[in-house]
Amino acid sequence: MAALARDRVVGVVGAGTMGIGIAQVAATAGHRVKLIDARAGAVDAAIAALGKSLDGLVTKGKMTQDKRDGILARLEPADAYVDFEVCDLVVEAIVEDMGIKRALLAELETVVGDSCVIGTNTSSLSISAMAKEMRAPGRLVGFHFFNPAPVMQLVEIVSGLATDPAAAQIAFDTAAAWGKAPVHATSTPGFVVNRCARPFYAEALRLIVERAADPATIDAVMRECGGFRMGPCELMDLIGHDVNFAVTNAVYDAYFKDPRYAPSALQAEMVAAGRLGRKSGRGFYDYAKGAKSPEPATEPAATLPKQAVFEGESDMFDALAERAKAGGLSVHRRPAGDRGTTILLDGVALRPTDGRTATQRAHDTGERELVLHDVALDYAAAARMAIAVADQARGEAASLATAFFQACGMKVSLIDDAPGLIVARTLAMLVNEALDAVQQGVVSAEGVDVAMTKGVNYPKGPFAWGRAVGLPNIRAILDNLARHYGEDRYRASSRLRRLVARET
């Protein structure tokens, strides 16, 4: 199968933000593009606005005048759908309403040729249901671009039950030829990104409800320890809580109230109060002019322990030991004992979280002086670390752990003793959801990593990150979260259990 040839004409229905963005991508790739919108004057206005935007790129030296002129010259306003009879690919980017989209598809089928592939830019509607009344349902493919379409690399190529594999492959190859990173997916609720990203928001909301940490601290830890570009709270404020809540509810309902996708009562309350985020001026944060941004919880400078004894071997230990030495701490290494990999700080045991609270783990092991730390994307570069202290520990346990990470050049956020802390529990759920999606044939293992890195800018794909942390560790975190909460929400994927059994 091959991509649509550059001399083939592309049609785009809808001249809103997504429609003009998709039209720009196709025109930039060299296609003539027929653009139509039901609103009078919308196409001319969209092309004019695009022209001004491209003028800005020319002024900054990021685009030549000839390229700018070529893109605009290839955009052709269409007077009626009959103008689309010359198109080999038509992409609709109209309102997210099943009835309206079905009516449009019925009209398009009266004018386009039999070989024309029709793409829908839906982000949530069933491709199978949308194709139900089409004369040739095999031609319909989900062609889901992310906003802004000219910038974002990911395109989800979604196949419904009736989609012809050849049509899906044409869409895939064409998106790749346009410089995008396409991923095949099957038509299931949320497709890939909107489904697999749910835990990123859900775990943060639960931590806030449980008073484990405030939004600013959660965001700082996810950025500076987890390596995410934005924390979940600031991202929900950017997306809009009404939009984020609606997507969560849609996925939850579509999966017949599976507790894994359960919406948050806190977010429902925020939506009801009109605290929608940036667009309303208030969400988790206050966006009024002059409003001060809250600071994340950060521990004050603490006195260094006499020494740090690293028991065991791991890449994490190597990175932390080097940073601790550079920070002036006396570091010693010795083989792991019965307790597994541990950092001993003047009698205090510092360990990575396994999904239990520090208090529960201290009870299970008989260790009173126990501090747990979060999972970092890169221990050699992390700028912040979250820690939690067992209730049984003496007062200086937190101080010693804080001083250790400060010697490593990190800021430290002491949070309430929440199971799995912040990054680790979120990561475990992201990996688990990705594994379930692969298990169910929604997407390939390679595809889910592409989708999450290119579609929502995660620092690593869930498969790659899960392998780095260790799938047995991911399973342990999930199993311990499930025991702590007594909820099916944290059940480990059958694929995860099988992969762990294979490795061990």
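Counting DSSP beta bridges with both partners in region 1-122, what percentage is antiparallel, nearest 5? Mind dumping the intermediate values first?
Numbers: 0 of 16 bridges.
Percentage antiparallel, nearest 5: 0.
Return a whole-number percent for the relative contact order of the chain, with Cα pairs under 8 Å and 6 or more residues apart as the contact set. Please list the in-between numbers first.
Values: 1003 pairs, mean separation 61.5, N = 504.
Taking the mean separation of contacting Cα pairs over the length of the chain, I get 12 percent.
Output the relative contact order of region 334-427, whole-number percent, from Cα pairs under 8 angstrom with separation of 6+ residues.
Numbers: 162 pairs, mean separation 28.7, N = 94.
With pairs under 8 Å counted, the relative contact order is 31 percent.
DSSP beta bridges in region 334-424, what fraction antiparallel, as a percent rounded to 5? Spell out each step's value before the answer.
Working: 7 of 15 bridges.
In region 334-424, DSSP labels about 45 percent of beta bridges as antiparallel.
For Lys460, list the lysines whose Cα falls under 30 Å from its own Cα; do not include residues on the same chain fewer than 8 positions away.
The reachable lysines, counting only those whose Cα sits under 30 Å from Lys460, are Lys62, Lys180, Lys257, Lys279, Lys325, Lys411.
Quote the charge dipole size of the chain about the Cα centre in Debye, to the nearest 20; the model charges only the Cβ of Lys and Arg (+1) and of Asp and Glu (-1).
Using only the charged Cβ atoms, the result is roughly 560 debye.
For region 84-167, what does the relative contact order come out to in percent, with C-alpha contacts under 8 Å and a separation of six or more?
27
How many angstrom lie between the Cα centre of region 58-73 and the Cα centre of region 209-228?
42
Nearest 20 debye, what's the magnitude of the dipole of region 34-157 about its Cα centre given +1 on Lys and Arg Cβ and -1 on Asp and Glu Cβ? Please list the in-between numbers first.
On the way: 13 positive and 18 negative charges, 93 e Å.
Its charge dipole is roughly 440 debye.
What's the longest uninterrupted piece of the chain once you rule out the GluC sites (Glu not before Pro) that are loop residues per DSSP with at most 14 other Cβ within 10 Å? Write out the running numbers ahead of the final one.
Working: sites that count: Glu96, Glu133, Glu210, Glu313, Glu487.
Here the longest run is 314-486.
Taking the alpha carbon gyration tensor of region 115-243, what are the square roots of 5 times its eigenvalues, largest first, to the nearest whole Å?
Details: eigenvalues 245, 52, 22 Å².
The three semi-axes for region 115-243 are 35, 16, 10 Å.
With +1 assigned to the C-beta of every Lys and Arg and -1 to the C-beta of every Asp and Glu, and no other charges, what is the dipole magnitude of region 368-436 about the Cα centre in debye, to the nearest 20?
Details: 5 positive and 9 negative charges, 49 e Å.
For this selection, approximately 240 debye.
How would region 26-124 be classified by its alpha-carbon gyration tensor: rounded, prolate or oblate, with rounded meaning a/c under 1.5 and the a/b versus b/c comparison settling the rest?
Values: a/c = 2.23, a/b = 1.84, b/c = 1.21.
Here region 26-124 falls in the prolate category.
On a C-alpha basis, how far is the centre of region 451-504 from the centre of region 155-188 in Å? Whole number, if you could?
Comparing the Cα centres of region 451-504 and region 155-188, I get a distance of 27 Å.
As a test, work out the antiparallel percent of DSSP beta bridges whose residues both lie in the chain, rounded to the nearest 5.
Working: 17 of 54 bridges.
Taking every DSSP beta bridge with both residues in the chain, the antiparallel ones total about 30 percent.
Counting residues in the chain as N, plug N into 2.2 N^0.38 Å and put the Cα Rg over that result. The partial results should precede the final answer.
Numbers: Rg = 25.8 Å, N = 504, 2.2 N^0.38 = 23.4 Å.
The chain yields a ratio of 1.10.
Which of the lysines could a cross-linker span from Lys101 if the Cα-Cα distance has to be under 24 Å and same-chain partners fewer than 8 positions apart are dropped?
In chain and number order, the partners are Lys34, Lys132.
Please label the shape of region 281-349 as rounded, prolate or oblate, based on the square roots a ≥ b ≥ c of the eigenvalues of the alpha-carbon gyration tensor (a/c under 1.5 means rounded; beyond that, a/b larger than b/c means prolate, else oblate). Walk me through the numbers before you get to the answer.
Working: a/c = 3.33, a/b = 2.61, b/c = 1.28.
Because a/c hits 1.5 or more and a/b exceeds b/c, region 281-349 counts as prolate.
Relative to the longest principal axis of the C-alpha atoms of the chain, give the angle of the C-alpha long axis of helix 396-407, reported between 0 and 90° and rounded to the nearest 10°.
Between helix and principal axis, roughly 60 degrees.
Rank these residues by their accessible area, most exposed first, probe 1.4 Å: Lys325, Lys454, Lys60. Display every interim value, and only then the final one.
On the way: Lys325 110, Lys454 75, Lys60 150 Å².
Ranked from most to least accessible, the order is Lys60, Lys325, Lys454.
Rounded to the nearest 10 degrees, what's the angle between the helix 423-439 long axis and the longest principal axis of the chain, both from Cα atoms, 0 to 90?
50
So what is the 222 nm mean residue ellipticity for the chain from helices alone, if each DSSP H run of at least 4 adds -39500 (n - 2.57) and you divide by all residues, rounding to the nearest 500 deg cm²/dmol? Walk me through the numbers before you get to the answer.
On the way: 20 runs with 216 residues, N = 504.
When only DSSP H runs of four or more count, the value is -13000 deg cm²/dmol.
Can you tell me the 0 to 90 degree angle between the C-alpha axis of helix 445-455 and the longest principal axis of the chain, rounded to 10?
80
The values are calculated or read from the model by the stated rules, or taken from the named source; none is laboratory data. These figures come from a predicted structure and were not determined experimentally. Glycine gets a Cβ as well: all are built from the backbone with ideal geometry, and neighbour counts include every protein chain shown. Protein only, heavy atoms only, side chains kept; ligands, DNA and RNA dropped before computing areas. Shrake-Rupley method; radii C 1.70, N 1.55, O 1.52, S 1.80 Å.
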